[in-house]
Amino acid sequence: MHKHHQGFGLIELAVIIAILAMLAGFAIPRFGELDRNARISAVMALSGNLRSDAGSSLATRGVAGFTESLTAGSITYSKTDAPAPANCSVTYTSSTKRGGPPSVATPVTLGC
């Protein structure tokens, strides 16, 4: 008589679970960084947009996903969903000379 084996044995299942656990150990930290990287990219993109010709219109109509704060001719855009919004921001300062270029500070991404 022939004996038929059905399904996987205990050792095979344990090996598969161990492999899946190792893969999860590598994948979970990478997914945690995606949120932070997205916030940094948003701040950097806003900085580039503010430096372009479209910056003056962005500065007057606001930007989704950012909180604006006005101080003496400057607008600071802070990312709304950042753990430390004050440290995930970019500052736009309009030109003091007529027709002169605006100033955009280096983006702060320490708190993203």
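A short reminder: the numbers here are calculations on the coordinates, not readings from a lab. Source: prediction; values computed, not measured. No Cβ is skipped: glycine too gets one built from the backbone with ideal geometry, and neighbour counts run over all protein chains shown.
Tabulated results
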| read-out | value |
| --- | --- |
| Relative contact order (percent, whole number), region 13-104, Cα cutoff 8 Å, 6+ residue spacing | 21 |
| Other-chain or far-sequence residues with amide H under 5 Å of Phe66's (modelled H) | Thr80 |
| Cα-only radius of gyration and Dmax that characterise the chain, units Å | 25.1, 97 |
| Cα long-axis angle, helix 10-51 against the chain (0 to 90 degrees, to the nearest 10) | 10 |
| Residues Ser41, Ser74 arranged by fewest to most Cβ contacts within 10 Å | Ser41, Ser74 |
| Cut-off 14 Å, label 7 Å out along Cα→Cβ of Arg30, residues of region 75-112 by amide N | none |
| Size of electric dipole in region 13-104: Cβ of Lys, Arg +1 and of Asp, Glu -1, about Cα centre, debye, nearest 20 | 280 |
| Placed amide H near Cys88: partners under 5 Å, 5+ positions off or other chain | Lys79, Gly111 |
| Top of Leu46, Leu20, Leu70 by mean-square fluctuation, Gaussian network on the chain, Cα under 10 Å | Leu20 |
| Per-residue ³J(HN,Hα) for region 101-109, Karplus 6.51 cos²θ - 1.76 cosθ + 1.60, θ = phi - 60°, Hz, x for Gly and Pro | x, x, 10, 10, 5, 4, x, 9, 10 |
| Gaussian network model of the chain, Cα within-10 Å springs - most flexible of Thr80, Thr71, Thr91 | Thr71 |
